[in-house]
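Trainee: Okay, handing you the structure first.
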There are 4 protein chains.
Amino acid sequence: MIIITKPDVSEEQIQHIIERIGEYGLKAEISRGIHRVVIGVIGPEEVIREKPLGAIPGVESVNPVEKTYKLVSYEFRGMCQPVKIGNVPVGENKVHIMAGPCSVESQDQITSIAKIVKTAGATILRGGAYKPRTSPYSFQGLGEDGLKMLAEAREETGLPVITEIMDTRQLEVIEKYADCLQIGARNMQNFSLLKEVGRSRLPVMLKRGMSATIKDVLMSAEYILSEGNFNVMLCERGIRTFETYTRNTLDLNAVPIFKKETHLPVVVDPTHGVGLREHVAAMAIASVAAGADALMLEVHNCPELAKSDGEQALLPDEFTDLLQRIRTVAQAIGRQ
Amino acid sequence: MIIITKPDVSEEQIQHIIERIGEYGLKAEISRGIHRVVIGVIGPEEVIREKPLGAIPGVESVNPVEKTYKLVSYEFRGMCQPVKIGNVPVGENKVHIMAGPCSVESQDQITSIAKIVKTAGATILRGGAYKPRTSPYSFQGLGEDGLKMLAEAREETGLPVITEIMDTRQLEVIEKYADCLQIGARNMQNFSLLKEVGRSRLPVMLKRGMSATIKDVLMSAEYILSEGNFNVMLCERGIRTFETYTRNTLDLNAVPIFKKETHLPVVVDPTHGVGLREHVAAMAIASVAAGADALMLEVHNCPELAKSDGEQALLPDEFTDLLQRIRTVAQAIGRQ
Amino acid sequence: MIIITKPDVSEEQIQHIIERIGEYGLKAEISRGIHRVVIGVIGPEEVIREKPLGAIPGVESVNPVEKTYKLVSYEFRGMCQPVKIGNVPVGENKVHIMAGPCSVESQDQITSIAKIVKTAGATILRGGAYKPRTSPYSFQGLGEDGLKMLAEAREETGLPVITEIMDTRQLEVIEKYADCLQIGARNMQNFSLLKEVGRSRLPVMLKRGMSATIKDVLMSAEYILSEGNFNVMLCERGIRTFETYTRNTLDLNAVPIFKKETHLPVVVDPTHGVGLREHVAAMAIASVAAGADALMLEVHNCPELAKSDGEQALLPDEFTDLLQRIRTVAQAIGRQ
Amino acid sequence: MIIITKPDVSEEQIQHIIERIGEYGLKAEISRGIHRVVIGVIGPEEVIREKPLGAIPGVESVNPVEKTYKLVSYEFRGMCQPVKIGNVPVGENKVHIMAGPCSVESQDQITSIAKIVKTAGATILRGGAYKPRTSPYSFQGLGEDGLKMLAEAREETGLPVITEIMDTRQLEVIEKYADCLQIGARNMQNFSLLKEVGRSRLPVMLKRGMSATIKDVLMSAEYILSEGNFNVMLCERGIRTFETYTRNTLDLNAVPIFKKETHLPVVVDPTHGVGLREHVAAMAIASVAAGADALMLEVHNCPELAKSDGEQALLPDEFTDLLQRIRTVAQAIGRQ
């Protein structure tokens, strides 16, 4: 921690700052510049990270030196650690595809789409049973019935299942049916939920919130790991910016940065990231080129009748074609 | 709903769009422009609002005519409806002040601050017992013990209490001790929580999310009202922008817009909105001038030892001085 | 300047960093933390501010201690320095109103509006002769003819005139007719233009760019002062955010911050800041309460026929009414 | 154009709206919904696009049906039109690389870097002679001397030269030495400059402004084409968002959208888009995968001594390695 004082700081204030640092069991090193005094705090930074040093009179700014996340950091493991969804390891050389409809709508729908995406090359099935919708009047998902349909589709295809959890009270029932929990963008800082899934035996895919900085994402992941669940994947799905042509702004910069800063596998969701069906393919390919370990893609056999997000779902043919193109690009960058 | 077609739409596609509209029991009116066809959909818009009309081939855009919120709209009531916190009515002529520390830290702390803010003119006591913190390693609040301390401070001062709820499972215990629930910015689209507080007998203050549009806020409020709880207040507390000098960008534009669009009282939280103690006063006064019905302000008797947000809390003297200035400006705009 | 190294920095790299600092004539002070080394650079910071220290191997981050602006800083003057537009001093106790149409459209239009706004209490006339329009097909302003009409309106009313300059080549002609130059938001980082107006004898109002941080604004102002023109006012006019209900997000946080950081008078333009006529008044009043020295307001006697920005211009009656309310609030905060 | 009225619109107001439309020579078609009236305006939209219809009493919103850009639109040409820089055609199957230092610093520097990038496979040389710098105290470029050095480097390598123009008055001199003009992000809405380069015989690369929407970019390009210069390329270089880890947020969504909406070649500048040397390569590869026609990359042989942007420039070896990887990915997507 480095404390920088105001230009007009008094000697008395400096002494007061040094005392405070001493009370926390740390040591202060003083450098006197031309206008300001710089106080280096020597000792483990976590001891004072939470302390409101900025509120001490005479302090202009407080600058951390160490990173605030620990368990998620690349250094903690020294390598990228794959996460297993069912028996599918995400984070190894092979780029995996999670695909399926936005919402589970019926047994027929989910099973037939599961078969289509499996044939095309997907290895994980996605589908929402609990749906976070902006409007209370929109379709809210089939709940436990939807989960059962997902489990049935897994029976028929062998694809492990990822589905969203919205509420701490849903954990028990979702654990019965699914292979991986998804935390949606709107719940990325629902800390009660993060702690709860941190105690689950299932892996977790954490989606970046619409206004979450990269550091915010890492701190939310840290919540899950700090409860004991290390099977966490990070998912870039677009952030909210001033641009209105697209639904969100897919921030592919986050991909190499997540890979560098953490040992967690990185997933990209280009479907929500651009939100326009005709541009999903280009962004999916770019995501793989940027280094994603897996993609999440929405596929629907009849988008114009979908109960949610029909505008952005790929048609089966488009999806099959896209997977072939992804295969070529993955190979070009030395992946499968 | 107005559907605009692509320039190269075929006659067959137009017929298909009209059929779909017919299937939903609505009528289509066709206007042929020079390049595009405009299809007006006549009938109740809510019937097709969720339908993925944009996924129908040939459709370029789908434009709603009616507003998507209903119960929160000004028209629903035709007047601003005050909300009672304990026996304090927010939304009448008098501008109310909710004040207190960020977190409840001890009985002494909360009681002494409660007395200070009451003497200065505050009418509602705030204090967090469950704290949403970015880091799992930060102080997470005293939980039920904190709630008991708040209730005790109410006993001693008569000030009703507002406190944050983070999890559906906390509702029962908070209802025992508090007078008003607060939904924090990070939970503004935690729809499970919104539904749950929609069934509470307590009023709710809904804080705007960091990347929530004005319309998003109204839709989240609609969730609460649609479950039966009409005692909702909206709170502007700053949005996330590119600006880094301040913690958030207080969007005072939202104040007159919330007042115009809804019948709900509007609160502003300048403490989080700017995040720098020395500028809280200017923004508090501007908030009242913009038309806020109440302010939420953080006050601490020793910010440099506060367990959270010490950097932005006002000192007791600053707070007392600010309330006098607010009184003058409130009177200048015809309020108390 | 404080340099923080990477955790895996080598002793050799540290020596290389120290040498580079020495080459620039400065001294390095080393503090060794648990994981990283902190190198304080002692000596005048401007010497190395531009140097790409972050590109030296082993460096993780480079953190300035001093501010990068000098002439605009409050400390440079130690007081707020009023700027005179004609004989109207902006930045003293009185809150001034700059008002007029978006564009000068005809002699009749500008003269009649000038008379209206003067009667209502405005002390400066605004009007655009060169118009920065998003589309090349939109009205681009009357050019020198418009300037002549402004000068004629000044003759008739005595109000000094502020008008926008878009191009270095326009300076000479605008200096002939106007009393104050306006740099628009889109040209805030047109550095050639900033240097040019820095050599003008006229005062300059610099509008904040749509994506300009507070620090960016100060650096652009520094360009003007560094060429010798100290008669600069800063203008907050709304920034671009994700919000679409309003045209821009008026960032009133900027007002107390500009006042604290600089000696320059601060103007707010609520018309562009919210962009909706019915909400301009609330934001104008809030701007004064936040501490603005002057407001810029668009007024038009027939907005539905205006050649630009008709949607946001106030009607004469609305304007007159607003000025009375502003007067009351200004007095409440101890201003005129 | 579709006009939607307020719910409480009067019959008289509707008549007034229809009259106004008639005055502009257009026809109104009325559809009466449950709460609002929808008025379709039949006739060429450009006639009324600028008119402040939203200022007419009773109007709630005015919604364009047609696009506001014409010459840049894909439909105008029906194909992507390559732009020639010297004799290098950008926008054909081959992906081109524009590379060089941020600033021209000396003849030696520019010539040696030009040779390096040519050997690695670059086909166009970049280098700044006029530099837009945030601070007036930073290196401002070598001006005409820098241009001469660029021309000399072209002599020695055969690489055509692209360089930035900041001011209308620089056009003549730059035209003497360079092969392509670059409009920087900060001047994207410097409309005087856009018009001026619209009359140049040189091609223009227009960089997206930091807060420019996709539509804003297209309108700025339209300015250039409307003056007669059709040799325009669009360049995505990152937008300003709340994220602070990276310098900007590279918006690759813009690439397929620019390709779809216009006939102009699309360039991506990953160097500024992420701003961190170690992540430039990943984003460069992703840009090609997303469909870019060319990349602009900063290369420096001694970044730690560079006069600007050393932190983000690639080293010669990194650049050579990157170009090999780009070649493989380009081939994988069917390009050179």
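The values are calculated or read from the model by the stated rules, or taken from the named source; none is laboratory data. Source: prediction; values computed, not measured. Cβ sites come from the backbone with ideal geometry, for glycine too, and all protein chains shown count toward neighbours. Protein only, heavy atoms only, side chains kept; ligands, DNA and RNA dropped before computing areas. Shrake-Rupley method; radii C 1.70, N 1.55, O 1.52, S 1.80 Å.
Trainee: At a threshold of 8 angstrom on Cα-Cα distance, excluding pairs fewer than six apart, so keeping six or more, what relative contact order does chain B reach in percent?
Mentor: Working: 705 pairs, mean separation 53.7, N = 336.
RCO, chain B: 16 percent.
Trainee: Just from its helices, what would the mean residue ellipticity at 222 nm be for the protein assembly as shown, if runs of 4 or more DSSP H residues each count -39500 (n - 2.57) and the sum is divided by every residue, rounded to the nearest 500 deg cm²/dmol? Write out the running numbers ahead of the final one.
Mentor: Numbers: 48 runs with 480 residues, N = 1344.
That calculation yields -10500 deg cm²/dmol at 222 nm.
Trainee: Counting partner chain Cβ atoms within 10 Å of every residue's Cβ in C:166-174, what's the average? Intermediate results must be reported in sequence, preceding the final value.
Mentor: Details: counts 4, 9, 5, 5, 1, 0, 0, 0, 0.
Across C:166-174, the average partner-chain Cβ count within 10 Å equals 3.
Trainee: Show me you know the interface measure: the accessible area buried between A and B, both chains summed, probe 1.4 Å, in Å² to the nearest 100. All intermediate terms of the calculation are to be shown ahead of the outcome.
Mentor: Values: alone 15440 and 15470 Å², together 26560 Å².
Interface between A and B: roughly 4300 Å².
Trainee: Looking at the protein assembly as shown from every direction and averaging, what is the projected area of its Cα convex hull in nm²? Can you show the working numbers first?
Mentor: Values: hull surface 179.4 nm².
Across all orientations, the protein assembly as shown yields a mean hull projection of 44.9 nm².
Trainee: Further, regarding this structure: Between D:Gln140, D:Cys235, D:Tyr177, whose Cα lies farthest towards the positive end of the dipole of region D:139-254 when Lys and Arg beta carbons carry +1 and Asp and Glu beta carbons carry -1, centred on the Cα centre?
Mentor: Checked the options; the winner is D:Cys235.
Trainee: Can I ask one more? For B:Val37, tell me the accessible area in Å² from a 1.4 Å probe, rounded to the nearest 10.
Mentor: B:Val37 exposes around 10 Å² with every protein chain in place.
Trainee: How far apart are the B:Asp8 label points across copies, placing each 7 Å from Cα toward Cβ, in nm, shortest first?
Mentor: 4.8, 5.2, 6.8
Trainee: Give, as a single signed number, the net charge of other residues whose beta carbon lies under 12 Å from the beta carbon of B:Val62, with Lys and Arg counted +1 and Asp and Glu -1. Could the numbers behind the result be given before it?
Mentor: Values: positive: B:Arg20, B:Arg49, B:Lys51; negative: A:Glu304, A:Glu311, B:Glu45, B:Glu50, B:Glu60.
With Lys, Arg at +1 and Asp, Glu at -1, the neighbours total -2.
Trainee: Would you kindly calculate the translational diffusion coefficient of region D:185-320, applying Stokes-Einstein with the Kirkwood radius from alpha carbon pairs, for 10 °C and a viscosity of 1.306 mPa s, and quote it in µm² s⁻¹ without decimals? Mind showing how you got there, number by number?
Mentor: Working: Rh = 15.4 Å.
Once the numbers are plugged in, D ends up at 103 µm²/s.
Trainee: Tell me, what is the 1.4 Å probe accessible area of A:Phe139, in Å² to the nearest 10?
Mentor: 40
Trainee: Rounded to the nearest angstrom and ordered from largest down, what semi-axes does the equivalent ellipsoid of region B:214-258 get from its C-alpha gyration tensor (root of 5λ)? List each step's numbers first, then the result.
Mentor: Details: eigenvalues 133, 20, 14 Å².
Semi-axis lengths for region B:214-258 are 26, 10, 8 Å.
Trainee: Still on this model: Roughly how many whole Å is it from the C-alpha centroid of region A:37-99 to that of region D:116-177?
Mentor: Centre-to-centre distance over Cα atoms comes out at 41 Å.
Trainee: Identify, for chain D, the residue whose C-beta comes nearest the rotation axis onto chain C, and round that distance to whole Å.
Mentor: Value returned for chain D: D:Ser211, 2.
Trainee: To the nearest 0.05, how large is the calculated FRET efficiency for A:Ser112 and B:Tyr24 if R₀ is 30 Å and r is the Cβ-Cβ distance?
Mentor: Details: r = 24 Å, r/R0 = 0.80.
E(calc), rounded to 0.05, equals 0.80.
Trainee: Sketch the reach of a paramagnetic label on D:Lys260 as a point 7 Å from Cα along Cα-to-Cβ, and name the residues of region A:259-297 whose backbone nitrogen lies under 12 Å away.
Mentor: Within reach of a label on D:Lys260, which here means backbone N under 12 Å from a point 7 Å along Cα→Cβ, region A:259-297 contributes A:274-283.
Trainee: Determine the shielding of peptide D:187-197 by partner chains: average, over its residues, the number of Cβ atoms on other chains within 10 angstrom of each Cβ. Display every interim value, and only then the final one.
Mentor: Working: counts 7, 1, 10, 10, 13, 11, 7, 1, 3, 2, 0.
Across D:187-197, the average partner-chain Cβ count within 10 Å equals 6.
Trainee: Hey, for C:Arg201 with labels 7 Å out along Cα-Cβ, what do the inter-copy distances come to in nm, ordered shortest first?
Mentor: Copy-to-copy label distances at C:Arg201, shortest first: 4.2, 7.8, 8.6 nm.
Trainee: On the first, second and third principal axes, largest extent first, how far apart are the outermost C-alpha atoms of region D:228-287 in Å?
Mentor: Principal-axis extents of the Cα atoms in region D:228-287, largest first: 40, 23, 19 Å.
Trainee: Another question, if that's okay. For region D:152-193, divide the Cα radius of gyration by the Kirkwood radius and give the resulting Rg/Rh value with two decimals.
Mentor: On the way: Rg = 11.7 Å, Rh = 11.2 Å.
Computed over Cα atoms, the ratio is 1.04.
Trainee: Oh, and also: Given bins 10 angstrom wide, list per bin the percent of all Cα-Cα distances in region A:28-121, short to long.
Mentor: Cα pair-distance distribution for region A:28-121, in percent: 11, 24, 17, 14, 14, 14, 6, 0.
Trainee: Test of understanding: what is the full-extension gain from C:Asn301 to C:Glu60, defined as 0.36 nm times their sequence separation minus their Cα-Cα distance?
Mentor: Working: separation 241, 0.36 × 241 = 86.76 nm, distance 5.85 nm.
Full extension from C:Asn301 to C:Glu60 adds 80.9 nm.
Trainee: Using heavy-atom solvent-accessible surface (probe 1.4 Å) with all chains present, what is the largest-first order of D:Lys176, A:Lys94? Each step should come with its number before you reach the end.
Mentor: Details: D:Lys176 140, A:Lys94 75 Å².
Largest to smallest exposure gives the sequence D:Lys176, A:Lys94.
Trainee: Quick one: of C:Lys215/D:Lys176; A:Lys259/B:Lys51; C:Lys207/D:Lys215; B:Lys67/B:Lys207; B:Lys307/C:Lys207; B:Lys148/C:Lys260, which pairs are farther than 32 Å apart, Cα to Cα? Please list the in-between numbers first.
Mentor: Values: C:Lys215/D:Lys176 37 Å; A:Lys259/B:Lys51 38 Å; C:Lys207/D:Lys215 23 Å; B:Lys67/B:Lys207 21 Å; B:Lys307/C:Lys207 40 Å; B:Lys148/C:Lys260 42 Å.
Those over the limit are C:Lys215/D:Lys176; A:Lys259/B:Lys51; B:Lys307/C:Lys207; B:Lys148/C:Lys260.
Trainee: Then there is this: Given charges of +1 on the Cβ of Lys and Arg and -1 on the Cβ of Asp and Glu, with all other atoms neutral, how large is the dipole of the protein assembly as shown about its Cα centre, in debye to the nearest 20? Each step should come with its number before you reach the end.
Mentor: On the way: 152 positive and 172 negative charges, 0 e Å.
In total the dipole reaches around 0 debye.
Trainee: If you add up the charges near D:Gln336, with Lys and Arg at +1 and Asp and Glu at -1, over every other residue whose beta carbon is less than 10 angstrom from its beta carbon, what do you get? Show your work: numbers first, answer last.
Mentor: Working: positive: D:Lys94, D:Arg327, D:Arg335; negative: D:Glu92.
Net charge around D:Gln336: +2.
Trainee: For a quick check: with amide H placed at 1.01 Å from N, whose amide H comes under 5 Å from A:Leu297's, ignoring anything fewer than 5 positions away on the same chain?
Mentor: Excluding prolines and chain starts, which carry no amide H, the hits are A:Met98, A:Ala99, A:Gly100.
Trainee: With Kirkwood's inverse mean 1/r over C-alpha pairs for Rh, give me the Rg to Rh ratio of chain B, two decimals please. Please report the intermediate quantities before stating the final value.
Mentor: Numbers: Rg = 23.2 Å, Rh = 21.5 Å.
Result for chain B is an Rg/Rh of 1.08.
Trainee: Please identify the DSSP H helices in chain D that span no less than 15 Å along the helix axis (Cα) and have a mean Kyte-Doolittle hydropathy of 0.0 or more. Please report the intermediate quantities before stating the final value.
Mentor: Working: long enough: D:11-23 (18 Å, -0.85); D:107-120 (20 Å, 0.06); D:144-157 (20 Å, -0.99); D:214-226 (18 Å, 0.82); D:277-290 (20 Å, 0.97); D:316-332 (25 Å, -0.40).
Length and hydropathy pass: D:107-120, D:214-226, D:277-290.
Trainee: Starting from the 7 Å offset along Cα-to-Cβ, what nm value, one decimal, do you get for the label separation of A:Gln15 and A:Thr328?
Mentor: Calculated label separation equals 7.5 nm.
Trainee: How large, in Å, is region B:1-158 by the Kirkwood hydrodynamic radius built from its alpha-carbon pairs? Mind showing how you got there, number by number?
Mentor: Working: mean 1/r = 0.0480 Å⁻¹.
The Cα-based Kirkwood calculation yields 20.8 Å.
Trainee: Give the nm distances, rounded to one decimal, from C:Gly143 to the matching residue in every other copy, measuring between label points 7 Å along Cα toward the beta carbon; shortest first.
Mentor: So the label point of C:Gly143 gives 2.9, 7.1, 7.6 nm to the other copies.
Trainee: I'd like the accessible area for C:Lys115: 1.4 Å probe, protein heavy atoms, all chains in place, Å² to the nearest 10.
Mentor: 100
Trainee: Using the Karplus curve 6.51 cos²θ - 1.76 cosθ + 1.60 with θ = phi - 60°, work out ³J(HN,Hα) for each residue of region A:46-54 in order, rounded to whole Hz, and write x for Gly and Pro.
Mentor: With coefficients 6.51, -1.76 and 1.60, one gets 4, 4, 10, 4, 7, 6, x, 4, x Hz.
Trainee: Let me see the pair-distance distribution of region C:128-245: every alpha carbon pair, 5 Å bin width, integer percents in order.
Mentor: P(r) for region C:128-245, in whole percents per bin: 2, 12, 21, 22, 19, 14, 7, 3, 0.
Trainee: Need one number: nm distance between label points at D:Asn87 and A:Glu172, each 7 Å from Cα along Cα→Cβ, rounded to one decimal.
Mentor: 7.8
Trainee: Taking each residue in D:67-74, count the Cβ atoms of any other chain within 10 Å of its Cβ, then average. What number comes out? Before the final figure, lay out the partial values.
Mentor: Working: counts 3, 4, 3, 2, 1, 0, 0, 0.
Mean partner-chain Cβ count within 10 Å for D:67-74: 2.
Trainee: Pairs of Cα atoms under 8 Å, at least six residues apart: use those to get the relative contact order of region B:221-336, whole percent. Before the final figure, lay out the partial values.
Mentor: Working: 181 pairs, mean separation 23.1, N = 116.
Relative contact order here is 20 percent.
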